[in-house]
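Bear in mind these aren't lab numbers, they're just calculated from the coordinates by the rules spelled out. Predicted, not measured: the structure shown is a model, and the values here were computed from it. Cβ coordinates were reconstructed from backbone atoms using ideal geometry, including for glycine residues, and neighbour counts include every protein chain displayed.
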Amino acid sequence: MMTRRNFISVAAALGAGALLSGCAGGENAGEPTTGAATGAPVEEDAMADGRTMTVTCGDATVTYQLNDSAAADALLAQLPLTLEVGDFSDNEKVFYPPEELDVTGAPLAESGEAGALAYYAPWGDVVMFYGSFSPNGALYELGRAVDGMDAIAGLSGAIEVALAE
């Protein structure tokens, strides 16, 4: 059975597109990003609680508000990270944190909405959805994009994952 990690490795070896070619800012590079749902700038209060992280790739930044779960805590404890991001399917980007996340008591990712940040426990990858998705009994919600959601689809290569300042 092919895992996401194996898929990304095989795709990279075959030279699949820009999978690991580096970050591209996209058509809005250099422009301020806005809130995913409203188009308004992200409120500073959303970043003051210590449960907000950013994923940065070149000029593109996606900001996530994490939920209050053990899985989100485990991810936050590993930050900052520099990792490779890859494509999986046509609606998500994935990266692999160095350590597994504790999903005890974590809610399932059941919204099916773009902007969800989730953890797929069987493969140990964090999933950034930029399109709708089907719920899965092994997909745990970590949080939601609150800024820059339109940049997720363009992420490729090395990303920086850090606590928001």
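Worth pointing out:
- The slack between Asp90 and Ala70, meaning 0.36 nm per residue of separation minus the straight C-alpha distance, is 4.3 nm.
- Modelled spin labels at Ala138 and Thr82, positioned 7 Å past Cα toward Cβ, are 3.2 nm from each other.
- Paramagnetic reach from Leu108 in the stretch 132-162 [backbone N under 20 Å; point 7 Å along Cα→Cβ]: 132-144
- Convex hull of the stretch 32-163 built on C-alpha atoms - directionally averaged projected area, nm²: 7.2
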